[in-house]
Amino acid sequence: MRLLKKRLAEMGSGRLVGPDPEKVTLADLRQMLVDDYGLKGNRTTARAEQSMAHVTEHFGEQAKALDVTADGLVAYARRRREAGAASATVKNELAALRRAFNLAVRAGRLPQRPFFPVLEARNRRVGFFERTDFERVLAHLPAGVASLAEFLDWSGWRKGEALGLEWRSVDADAGVLRIEDSKNREPRTLPYKALPALAAVIDGQRERTSAVEQAKGIIVRSVFHRDGKPIRDFRRVWVKACIAAGLGREEKDAKGKIIRRVAFRMIHDNRRTAARNMSRAGVPEGVIMALCGWKTRSVFDRYRIVNEADLADGLGKLAAAQERQGQPEAASGNVAAFRKVAR
């Protein structure tokens, strides 16, 4: 019966399959995915492992890969949504499993992969971090983290890129930051001295770093640090600062004990805000993508950056066209009616 199933699978896919495809488990798929990510040096290996952990928890780590069906995947997605997982999270988990199946098929371990449901992520973050709100949060952050947040607000860089920035990548004479390996695997250059506010952040960090080096007799390689120690994570201090600034909340149990702290703003919101501010200033989209590190237009579009000047220019051209056609009164009446309804 095992041989018959194997031959039927080969006939269905039009290719020969390695020995015993029924023995391939989800644990095997998980290991193949981790090995592939490790070989390519992907930065999202930990996220992929976390996604596969949820999958194996549902189906069972020793579940056979051939037993994972399209109906089973739909049931998995429904269960995860009912458990409170966001659509984007479930989408990433299914994408990791699909990638693992593709690797197994490519290696000849499986005849084919099941059909995966298509989920639309509707929980992408929107909105921007206005400067007044940001400055309120800055006032409650420790010096090292505040400088890091300020840098991210002006540059639009990713948090991980700034955390990994070292002084060897800073050309103070030319006023340029250079990193050879970003998330999109392309080098990036930031002429920080062209923006005085950004130059003040880097120069201030240089003075702070020199003071720490002299006081402790050490060499500090990281641009952003806590008294000489690299900043690994600052989520807790960020959440506390947001709450202190009125941009977060504390959730308590019946006894008044704090069980959860929630921030209404994320540090990643600065990335979207920086791009929006550049767009408002008239910076071409191609330049914004190069400065902030977006490789493709599709990814840039996901951040919903709107050039408000272009929109206003478009409506201005429409108004001019109506005036040329001798319709200003009708247009004015429509606008007045619209304003009345809006009120």
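Just for segment 95-108: of the residues that are crowded, with 20+ Cβ neighbours inside 10 Å and within 21 Å of the chain's Cα centre (by Cα), which one is farthest from residue 45 (Cα to Cα)? In this case the residue turns out to be 97.
For segment 69-87, the count of residues that are of a type outside the set (A, V, I, L, M, F, W, C), out of contact with any Ser or Thr (no Cβ under 9 Å at 6 or more places or on another chain), surrounded by 17 or more Cβ atoms within 10 Å (Cβ to Cβ) and in a helix (DSSP H, G or I) is nonzero. Annotation note: Cβ proximity below 7 Å between a residue of segment 206-231 that is within 10 Å of residue 167 (Cβ to Cβ) and a residue that is among the small types (Gly, Ala, Ser) (sequence gap 6+ or interchain) occurs for 220/228. Considering the conditions (1) at pLDDT below 90; (2) part of a helix (DSSP H, G or I); (3) among the hydroxyl-bearing types (Ser, Thr, Tyr), residue 132 is excluded by exactly one of them, (1).
Residues in segment 142-151: is at least one β-branched (Val, Ile, Thr), assigned to a helix (DSSP H, G or I), farther than 17 Å from residue 289 by Cα and in the same structural domain as residue 234 (by TED's automatic domain parsing)? Yes: segment 142-151 contains one or more residues that are β-branched (Val, Ile, Thr), assigned to a helix (DSSP H, G or I), farther than 17 Å from residue 289 by Cα and in the same structural domain as residue 234 (by TED's automatic domain parsing).
Here residue 39 clears all of (1) in a helix (DSSP H, G or I); (2) surrounded by fewer than 16 Cβ atoms within 10 Å (Cβ to Cβ); (3) in contact (Cβ under 8 Å) with a residue 24 or more places away in the chain except the condition numbered (3). Considering 261, 236, the condition of being assigned by TED's automatic domain parsing to the domain that holds residue 142 and either assigned to a strand (DSSP E or B) or on the phi > 0 side of the Ramachandran plot (or both) is satisfied by 261 alone. Of the residues in segment 210-232, at least one is loosely packed, with under 11 Cβ neighbours inside 10 Å and closer than 29 Å to residue 130 by Cα.
If you go through segment 91-112 and pick out every residue that is assigned to a helix (DSSP H, G or I), among the aliphatic types (A, V, I, L, M) and over 15 Å from residue 56 (Cβ atoms), you end up with 3.
The values are calculated or read from the model by the stated rules, or taken from the named source; none is laboratory data. Worth saying up front: this structure is predicted, and the values here are computed from it rather than measured. Every residue, glycine among them, receives a Cβ derived from its backbone with ideal geometry; neighbour counts consider all protein chains shown.
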